[in-house]
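Structure first, then comments.
Just so it is clear, none of the values below were taken in a lab; they were calculated from the coordinates. The structure displayed is predicted, hence computed values, not measured ones. All Cβ positions, even for glycine, are placed from backbone atoms using ideal geometry, and neighbour counts span all protein chains on display.
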């Protein structure tokens, strides 16, 4: 049996790899009625020969860790889309986001018992990326939850 080979789709995920930090804006929501500024720190590691990127994320507010997350990114060659398996400190069941790259932008959507979530990663600038997390009850009207702008620190 021949070993699987990395495709261009797998190589696109490598844009995530590295250590990142940046400023975030938390928009008022049911999870955080006040909103406010935060700092995000992200460690993304390429594993399993480059087929997977593992993410560890922490958000700091007021000098304390206020939120943590763990993600596993992969390319699904059967369904021909990108998948993010997301676990976080809210203690909810993990989410499965799916989506596509359009140019330099990876947009992924998940559906759970509360509605829809959409994560957008924009790699339009070298050694930087912009991130947005939005939620919707119906996948039509979206509300911003978090926006961040991160730069590479490694």
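What 222 nm value per residue comes from the helices of the chain, counting each DSSP H run with n ≥ 4 as -39,500 (n - 2.57) and dividing by all residues, nearest 500 deg cm²/dmol?
Values: 1 runs with 6 residues, N = 154.
After summing the helix terms and dividing by residue count, I get -1000 deg cm²/dmol.
Quick one: length gained pulling residue 19 to residue 83 fully straight, 0.36 nm per residue minus the C-alpha distance?
Numbers: separation 64, 0.36 × 64 = 23.04 nm, distance 2.06 nm.
My answer for the length gained is 21.0 nm.
With contacts defined as alpha carbon pairs under 8 Å and 6 or more residues apart, what's the relative contact order of the range 22-123 in percent?
On the way: 203 pairs, mean separation 13.4, N = 102.
Across the range 22-123, relative contact order equals 13 percent.
Using 0.36 nm per residue of separation minus the Cα-Cα distance, give me the extension gain between residue 72 and residue 152 in nm, one decimal.
Net length gain for the segment: 26.9 nm.
Given a Förster distance of 30 Å, report the FRET efficiency between residue 7 and residue 64 from their Cβ-Cβ distance, rounded to the nearest 0.05. List each step's numbers first, then the result.
Details: r = 41 Å, r/R0 = 1.38.
Working from the Cβ atoms, E equals 0.15.
Please build a GNM for the chain, connecting alpha carbons under 10 Å apart, and tell me which residue among 50, 103, 71 fluctuates the most.
Fluctuation is largest for 103.
Taking 1 over the mean of 1/r across every pair of different Cα atoms in the range 12-90, what Kirkwood radius in Å do you get?
13.9
Quick one: in the range 8-152, what % of C-alpha pairs are over 22 Å apart?
36
Most mobile of 31, 86, 20 per a Gaussian network model of the chain (Cα springs, under 10 Å)?
Checking each option, the largest mean-square fluctuation is seen for 31.
Quick check: the distance between the Cα centres of the range 1-53 and the range 123-148, to the nearest angstrom?
13
So which residue, out of 92, 133, 108, gets the largest mean-square fluctuation from a GNM of the chain using Cα contacts under 10 Å as springs?
92
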